[in-house]
Amino acid sequence: MTLPTQARAVVIGGGIMGMSTAYHLAGLGWRDIVVLERGAIGCGTTWHAAGLVGQLRTYLSMTQLIRYSTELYASLENDTGQATGWKRCGSMTVARTEARMTQVRRTASLARAFDVEAELITAAEAGARWPIMRTDDLVGGVWLPGDGKANPADVTAALARGARLRGVTIVERAPVTSIRVERGAVKSVRTREGDIACDVVVNCAGLWAREIGRLVSVTVPLHPVEHMYMVTAPMDLPSDLPVLRDPDGHIYFKEEVGGLVMGGFEPRAKPWLSRDVPEDFIFSLLPEDWEQFDILLKNAIIRVPTLESAKVQQLLVGPESFTPDNHFILGEAPEVRGFFVGAGFNSAGIASAGGAGRALAEWVVNGRPTIDLWPVDIRRFGRFHGNESWLRERVTEAPGVHYLIAWPGREWTTGRGVRCSPLHERLAARRACFGAKMGWERANWFAPQGVSPESVYSFGRQNWFPYVAAEHRAAREKVALFDQSSYAKLLLKGPDAERLLARLCANEVAVPVGRVVYTGMLNERGGYESDLTVTRLAEDTFLIVTGTAQATRDLDWITRHIEESAHAAVVDVTAAWAMLGVMGPRSRELLSRLTNADLSNAAFPFATSREIDLASAVVRATRITYVGELGFELYVPVECAIAVYDAIVSAGRDLGLVHAGYYALESLRMEKAYRAWGRDVTPDDTPFEAGLDFAVRLERATPFLGREALMAQREHGVRKKLVIFTLDDPDALPLGDEPILRDGAPVGVTTSAAFGHTLGRAVTMGYVKQADGIVDRAWIDAGRYAIEIAGVRAPATVHHRPPYDPTGARVRG
């Protein structure tokens, strides 16, 4: 085939994701789309995938993507004439332990809240659906009848045929050798056969996606792992045998041609190459490794004893790409405009690709996502995530996480110690138990003498519960010290800085120097792209403080809205300043011992920020809080951080100063109903839905992104609303992601939860929805509520204001 010289979009990679993206781009009306495949269609990892399609995911948006995949695979044959092998055979997950069964019950509850059919079953009922399975060691399981399986090669062929019918050009044996970028945007793609001028490149190159990213200095953090499954000879099994997952044994089964395919995710995986994948790796496999497979085989024989005598036709070993967090990668790269990525599917590409291809195509066409895709957004990563040695270490753990119990607060054990606060060693000496976020080591809680600073996971109150309670009480009653250095800090500077922020922020940012503004940055739908504070440092300079995980995303969001002619620039200064939170009723008294600055309420009111002398350093003190008490955030030059920290600890000793971690921060903010971006507010949630209309200025002169959507909501009302609940039973312990029941019927899912140590009971938040009506206070108050925790309904009380200090008197006192 003659290579086109021009295209609107070039999709690199002819696997299932590349074909799905091209198919959906054409379906959205785009023409002149070219798919470049270095080998043959589906020749990389697609062809040897197991083809399991399980619908349910922790996030509603991810569940919706896979639900669409099932609908697409069921309809493709009618649309294209090409069979897909899709079979709605259902799936079962079985539990060997009570802890696993708790997770299964949580899964079933969440499924019903997401409108996914699910049924809890006994071990005997599981055995009836899977007669060759041993069940005497099982506690129970869950049955999901809407799940199924597909033939990966056939689905990909059907998508390719459908794409061609829609006018897409597919060129095989056309590896991309370079990509031209001008002024930060894609201009053309080069192959050995020639160049293709284009405005958009979509990197769906699978195993090769990381090296394609390197061509334009885009970080695509994925690494191949040797994934294995065994294929038996026919065993006279019915073709409609459900997919079976036994996560306690790390294994899965599916029927194939009357026999079994058995594979899994071993606790310690075997990385493949760190170097680039060979160009000639086409329809290729890796050598058998029975030693690596042994843990899966032993567990499979426990579950299906007849496997011990079954004839094995093949141990198939093929590379699969895994990401650092086990979620795939989607979206426009922050480094290069017009360069999109859809890759790293963590052995779940067949289930995800139909919906992910549509979502990525919509992102390309609209210039932004149409739903909340933060769990898979490429901007959740930083540059360090692309480090090869770090990736190789992380992916030894990542595959096994698929089947680990999803303990609350479970931390990764590999790839740790990458980014540390300047106070890390001081906190470690104080017996901090660290967690990691965006690579930063952060103190979750502090262990007293004689207690190991290690979390012991469970679905109940974990070992740290009493120690976090003490940290919490110190912040409420005395004073607590938090190291919040990982919070992302962006410096925006230039004559047009205020004008830019006025366009991006829903709140008024034209404030005097030294004032702090809490605001959202919204998309055109009125949803939260971020939730942050803006501090005016000078007429032309602003400090933006946002969540640890949002550094790349928020920097990209601001940067892409700076017009070429604008005089403004934004840089990430997170690593330049440590950030210490001194919080509690005695915080002012403590800091006054270290400074001559007047910190009184009259001289230094809430939402004030200014530079002060503190101990031997000059720091920026900002009177703001995420715990709901009088407090100050101190921005300290990194080189001064240890000296300032030591001075605070010394000065606070007789005041009862306590070190506190992020678990205490979470319980404190929940009592005050402070929202967290990515959970309580997302790109799908507006300020009016989230109860944050106080941080919106609709009538100001400068229009902001999302204002029209908010004005429409103000006129017509909202169909969902974030509600605060306390649980009536002080022993009930929600974790987030539980169904909210109104008069016994699901109306939403909790977004955040924590035990409120001041209140003596758990606090949770979540959106309640009414599909065919307006959600207002009267509708909310007319219902009786419960939170379903692992199948148990816990009665809950609604609060329209924070259950702790609803007037905010303690914050402003």
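The values are calculated or read from the model by the stated rules, or taken from the named source; none is laboratory data. Because the structure is predicted, anything quoted here is derived from the model rather than measured. All Cβ positions, even for glycine, are placed from backbone atoms using ideal geometry, and neighbour counts span all protein chains on display. Calculation scope for accessible area: heavy atoms of the full protein, side chains included, ligands and nucleic acids excluded. Shrake-Rupley method; radii C 1.70, N 1.55, O 1.52, S 1.80 Å.
Computed values, structure above
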quantity: Between segment 532-574 and segment 302-349, the alpha-carbon center distance in angstrom; calculated: 36
quantity: Residue-span extension gain [residue 236 to residue 539] - 0.36 nm each, minus C-alpha spacing; calculated: 101.3 nm
quantity: C-alpha center-to-center spacing [segment 377-420, segment 595-663] in angstrom; calculated: 33
quantity: Relative contact order of the chain, pairs being alpha-carbon contacts under 8 Å that are 6 or more residues apart, as %; calculated: 12
quantity: Tilt relative to the chain, helix 349-366 - C-alpha long axis, 0 to 90 degrees, to 10; calculated: 60
quantity: Cβ-Cβ FRET estimate between residue 78 and residue 566, R0 fixed at 41 Å, reported to 0.05; calculated: 0.20
quantity: Options (i) 57.3; (ii) 37.9; (iii) 33.9 - which one matches mean projected area of the Cα convex hull in nm² as calculated here; calculated: (iii)
quantity: Segment 699-813, accessible surface, carbon-and-sulfur percent (1.4 angstrom probe); calculated: 50
quantity: Charge dipole magnitude, Cβ of K and R +1, D and E -1 - segment 523-619, Cα centre, debye nearest 20; calculated: 500
quantity: Model label zone, residue 449; criterion: amide N under 13 Å from point 7 Å along Cα-to-beta-carbon; scope segment 473-496; calculated: none
quantity: Cleavage-rule hits, GluC sites (Glu not before Pro), segment 245-344, DSSP coil, Cβ neighbours within 10 Å at most 11; calculated: 279
quantity: Dipole of segment 73-199 [Lys/Arg +1, Asp/Glu -1 at C-beta], most positive-end residue of 133, 81, 153; calculated: 153
quantity: Distance in nm between pseudo-label sites at residue 458 and residue 122 (7 Å out along the Cβ direction from Cα); calculated: 2.8
quantity: Sulfur and carbon atoms: percent of accessible area, segment 383-476 [1.4 Å]; calculated: 51
quantity: Loop sites in segment 539-596: GluC sites (Glu not before Pro), DSSP, at most 12 other Cβ within 10 Å; calculated: 539, 563, 564
quantity: Residue-normalised accessible area of the chain, expressed per residue, 1.4 Å probe, Å²; calculated: 37
quantity: Apportionment of accessible area to carbon and sulfur, segment 108-205, percent (1.4 Å); calculated: 44
quantity: R0 of 30 Å, Cβ-Cβ distance residue 643-residue 410: FRET efficiency to nearest 0.05; calculated: 0.25
